[in-house]
Structures are given as structure tokens and as C-alpha cells.
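Each remark here refers to the structure printed beneath this line.
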Amino acid sequence: MTRYIAFLRGVNVGGVNLKMAEVAQAMEAAGFTEVRTILASGNVLLDSASGAAEVRTTAERALRDAFGYEAWVLVYDLATLQKISTAYPFEREVDGHHSYVTFVSDADLLDELAALPPGAGEKVQRGDGVLYWQVPRAATLD
């Protein structure tokens with residue numbers, strides 16, 4: 001069995017409101033084990049003998065069938081997630097700043113985002129399937 005984290009995109013925002021206990025039930029019904037949800041974040045820990053791509057399609061199907069919305073899920077095994085975290089290129093805790101890792105499944109879009117000029121006080125660096133970003137707290141929406 002492999003331990004995965006599934007990031008459910010677009011839940012509990014924009015009208016797609018899911019109770020995490022019901023999400024856990026749907027994931028268990030889909031055959032995943034050791035399912036745990038993280039608050040109302042849309043993040044789910046689960047175990048599966050399948051590969052990440054199959055976990056993704058199974059999770060999306062389970063959510064679509066249970067909740068009637070077009071689910072979009074990103075799935076990573078914990079070792080991959082640890083590598084992404086370890087590769088964070090900036091100082092992690094900077095007073096007055098937010099530090100982010102944005103997961104991007106489309107390589108062309110990731111390149112486009114990484115090529116954008118950073119704003120004042122921002123740091124941006126492309127990673128493997130992610131964009132590392134550090135931004136002053138007051139400028140997050142700019």
C-alpha cells in the first residue's frame with residue numbers, strides 16, 4: 001500500500017460545499033483505506049495499492065458520483081510531496097510574507113506562470129510540477 005494525499009480542487013468555494021465526513025465515506029466506498037480528511041480543506045490522506053494516476057481517476061469518479069460535480073483531483077504519494085517541500089527554494093518563514101507552493105498539472109501553464117515578472121518583494125521559481133512563490137502579505141491578490 002502507498003500513502004497518498006489527494007488535493008480536491010475547488011471544494012468549499014464557489015458553491016461546491018462538501019462535508020469532509022461524507023468525502024471520507026465516498027473515498028472508502030471507492031476502495032481506499034486509512035482515509036483521513038484535513039478539516040474543510042479538500043485535502044484527503046488515503047492508502048491504495050494503485051498508482052497515482054489510477055487513484056486520481058478513481059477519486060474523481062467517486063466524487064462525481066457521490067456529489068454530482070465535475071471533480072478535479074491532484075494526487076501525490078507522500079515521498080513526492082516531501083521532495084517538493086524539501087526543494088522549496090526560499091527561506092520558509094519570512095516576517096510579513098506568505099510562502100506558497102502552487103501545484104500545476106499543465107507544463108505549458110507552469111512555464112507561463114514562472115515567466116511572469118515578479119511584483120515588488122515577490123520571489124517566484126519553477127519547480128517540478130509546482131510553482132514556488134513568496135509574496136508580501138499585503139500583495140497576495142495583486
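Can you give the charge dipole size of the chain about its Cα centre, rounded to the nearest 20 debye, using +1 on the beta carbon of Lys and Arg and -1 on the beta carbon of Asp and Glu? Don't jump to the answer; show the numbers that get you there.
Numbers: 12 positive and 19 negative charges, 52 e Å.
About 240 debye.
Between Ala29 and Ala52, how high is the FRET efficiency from 1/(1 + (r/R0)^6) when r is the Cβ-Cβ distance and R₀ = 22 Å? Nearest 0.05.
Values: r = 20 Å, r/R0 = 0.91.
Taking R0 as 22 Å, the efficiency between Ala29 and Ala52 is 0.65.
A straight chain from Ala120 to Thr86 at 0.36 nm per residue would run longer than the Cα-Cα distance by 9.7 nm.
Using DSSP loop states and a limit of at most 16 other Cβ atoms within 10 Å to flag GluC sites (Glu not before Pro), what is the longest stretch of the chain containing no flagged site? Write down the numbers at each step before the final one.
Numbers: sites that count: Glu70, Glu91, Glu93, Glu122.
Answer - 1-69.
Site pair Asp65 and Ala21 shows an inter-label distance of 2.3 nm when each label is modelled 7 Å from Cα along Cα→Cβ.
Once the Cα atoms are used to define both axes, helix 20-29 deviates from the longest principal axis of the chain by about 50 degrees.
Bear in mind that the values in this text are calculations on the coordinates, not laboratory data. Here the structure is a predicted model, which is why all the values come from computation and not from measurement. Here Cβ is always computed from backbone atoms with ideal geometry, including for glycine, and neighbour counts include all displayed protein chains.
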